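Here is the structure we will look at, set down as C-alpha cells.
Rule-based calculations on the coordinates, nothing more; no lab input. Model, not experiment: these values are computed from the prediction. Ideal geometry is used to build each Cβ from the backbone, glycine not excepted, and the neighbour counts take in all protein chains shown.
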Amino acid sequence: MTGPSADPKWAILEPAAHPTDPDAYLRAALDWHFGAETGSPFWLRRAEKLDFDPLRDVHGYEDLALFPNVVDELRHVAVEDLIPRGYGPNPPMPKVFETGGTTGAPKRVILMPDWVEAALDRMLAGPVFAGREPANILVAAPTGPHKIGSQYDWVVARQNTVKFAVDIDPRWVKKLISQGKDDEVKAYVEHVLDQIEHVLESQHVGMLVTTPPLLRACAGRPRLVELINAKIEVVFWGGAHMTVDERFQLAYEHFPNVRMVSRYNSALILEGAREREGADADTDITYDPRSPVVTFRVIDPETLRPVAYGERGQVVMNHISKGMFLPNNLERDSAVRVEGRPGQIGDSVAGPKPVDTFGGERVIEGIY
C-alpha cells in the first residue's frame, strides 16, 4: 500500500498487530485520526467543533470521556467520509454494516479490508473454531446489513465450507412488538423455525449461529431439539441477552450434546468481547474486550462515575483502531462491572442486558 499508511510509524495500528503499550497505541491513533493527511473527513470536520484539542488534551484512555458521543451522527453521515485519508487517494472500499435499529434509525460503521482479514484470523483462532474440523454453518440470524450473519461468508470462504442462511428482519419484529402485534411476532418466529428445521433435516451442518430468543424458540419445538442435538457440534449465540437460568436450561436440559459459545458485541465496537474461561453454569458469563482496541467503562448514567465492582451500571464503549475512531459511546446496555484481566485497559462486563429506556425511547430487543 502506498500513501501515509505505509509509514512505519503507523505499524502499531495495523489490525493484525497485538499492541502491548496502550499509551503508545492511543497516541498513534490520535495522531492518525486527527492528522490532516490521515484522518477521515468526518473526524477532521468534527474536530473543528470540539472544545478541546485531541492531540494536546487527551493523555490517556480516561480522557476519551472528553469526546462527545457521536454515534447518532452515524445515522446520516456518508460512509465515504468515515474512511481515513491515510489509506490513500484511492482507498480500498470498506464493508458497511448497520446497527439493529433498537433505538431508532440504524447507524452505519465501516470495516476496512485489512481489519476484516485480521478479525477473521482472530475469529478462526478463537474458542468457536480452534481445535475443531471445519463444518458447514447455518446462520439463523440477521444477515443483510448486519455483521452477525454476514461475517460467516468470510469464514466459509476461508475454510472451504458452506454457509446456509435463514434471513431475519429484526427491525420488522421490533416494529410489530411496538405495535402490540404479538400474534404476528409469533407467526414470524414459527416461519423462521420452519426454515431452520428444513435446513437441518436436509443438510450436513455442524455449527448453528443464532440469537437467544430464537434458540429459546427452538427449544420449544421437539423436532428441532432432536435435530440440533444430533447434528450440531457448537451453537454460537449473540445479539440479545440471556439470563443465567435460560443458559442453564438451554445448555443442560434442552441441548446437552451441544457446546455453546457467545460473545458480547455491538455493531459500534466492530469486534465483540470474548467469554472469560471458567464460568460456572449458575453464574453470569464475564466478557473481556480486546484492549486496547476495544475498551469498556461501566458507569452510573446519572453521575457518569464508575460504579463499584460487582454493581450494575451502564456500559460505555470505546473503539480505537486504524479504520474507525468511536470513543465514549454510551450503549443501551447495562452490565455488572468486573475487574479486567491483568494489563487490560478499563473494565470487563458480566450479565449484559438492555436498559428499559434509552434516549427517551423504550428499548425493544425483539429477536436481535
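Longest stretch of the chain clear of exposed loop sites (trypsin sites (Lys or Arg not before Pro), DSSP loop, at most 13 other Cβ atoms within 10 Å, sites excluded): 133-368. Global dimensions of region 304-368 from alpha-carbon coordinates: Rg and Dmax equal 13.2, 38 Å. Restricted to Cα atoms, region 90-133 shows a radius of gyration and a Dmax of 14.4, 40 angstrom.
State the antiparallel share, in %, of DSSP beta bridges confined to the chain, rounding to the nearest 5. Restricted to the chain, the bridges split so that about 70 percent are antiparallel. For His198 and Trp172, a Förster radius of 30 Å and the Cβ-Cβ distance give a FRET efficiency of 0.90, rounded to the nearest 0.05. Spin-label model, Arg341/Asn90: points 7 Å from Cα along the beta carbon direction are separated by 4.1 nm. Placing unit charges on the Cβ atoms only, positive for Lys and Arg and negative for Asp and Glu, gives region 1-130 a dipole magnitude near 360 debye about its Cα centre.
Using a Förster radius of 41 Å, what is the FRET efficiency between Thr283 and Ala11 based on their Cβ-Cβ separation? Nearest 0.05, please.
0.55
What value, in deg cm²/dmol to 500, does the helix sum -39500 (n - 2.57) over DSSP H runs of n ≥ 4 give at 222 nm once divided by the residues of the chain?
-8000 deg cm²/dmol
Is region 4-92 rounded, prolate or oblate when judged by the Cα gyration tensor, a ≥ b ≥ c being the square roots of its eigenvalues, rounded requiring a/c under 1.5 and prolate requiring a/b larger than b/c? Judged from the Cα gyration tensor, region 4-92 comes out oblate (a/c at least 1.5, b/c at or above a/b).
Considering only region 144-302, what is the antiparallel percent among its DSSP beta bridges, to the nearest 5? Approximately 35 percent, going by the DSSP bridge assignments. Of the DSSP H helices in the chain, those that are both long (alpha-carbon extent of 24 Å or more along the helix axis) and hydrophobic (Kyte-Doolittle mean at least -1.0) are 182-202.
How much length would be gained if the chain were fully extended between Asp81 and Lys186, taking 0.36 nm per residue of separation minus their Cα-Cα distance, in nm to one decimal?
Full extension of this stretch gives 33.7 nm more.
Restricting attention to region 126-264, lysine pairs at least eight places apart or on different chains and with alpha-carbon atoms under 23 angstrom apart total 6.
Which of rounded, prolate, oblate describes region 64-108, given a ≥ b ≥ c as roots of the alpha-carbon gyration tensor eigenvalues and a/c under 1.5 marking rounded, otherwise prolate only if a/b is larger than b/c?
Here region 64-108 falls in the oblate category.
Loop-located GluC sites (Glu not before Pro) in region 13-69 (DSSP state other than H, G, I, E, B) with a sparse environment of at most 13 neighbouring Cβ atoms within 10 Å: Glu37, Glu48.
Positive end of the dipole of region 126-264 (Cβ unit charges, origin at the Cα centre): among Val199, Pro134, Tyr188, the Cα lying farthest that way belongs to Pro134.
What you get for the chain, charging only the Cβ of Lys and Arg (+1) and of Asp and Glu (-1), is a dipole of about 460 debye around the Cα centre. The GluC sites (Glu not before Pro) of region 265-368 that DSSP puts in a loop, and whose beta carbon has at most 16 other beta carbons within 10 Å, are Glu277, Glu302, Glu311, Glu339. The Rg/Rh ratio of region 126-264, with Rg taken over Cα atoms and Rh as the Kirkwood radius over Cα pairs, comes to 0.95. Model label sites at Ala125 and Glu302, defined 7 Å from Cα along the beta-carbon direction, differ in position by 4.5 nm.
What the Cα convex hull of the chain gives, in volume per residue, is 141 Å³.
Amide H contacts for Phe358 (H built 1.01 Å from N in the peptide plane; partners 5 or more residues away or on another chain; cut-off under 5 Å): Val363. Straight-line reach from Lys9: which lysines have a Cα under 22 Å away, not including same-chain ones fewer than 8 places off? Output for Lys9: Lys322.
Approximating the spin labels as points 7 Å out from Cα along Cα→Cβ, the Glu233-to-Arg158 distance works out to 1.6 nm.
Region 183-227 and region 249-264 have Cα centres separated by 15 Å.
Ordering Met112, Val70, Val363 by Cα displacement along the dipole of the chain toward the positive end leaves Met112 in first place; charges were set at the Cβ atoms of Lys, Arg (+1) and Asp, Glu (-1). Return, ordered by residue number, the residues of region 331-360 whose backbone nitrogen is under 18 Å from a label point located 7 Å along Cα→Cβ of Asp23. In region 331-360, the label zone of Asp23 (backbone N under 18 Å from the point 7 Å along Cα→Cβ) covers 343-346.
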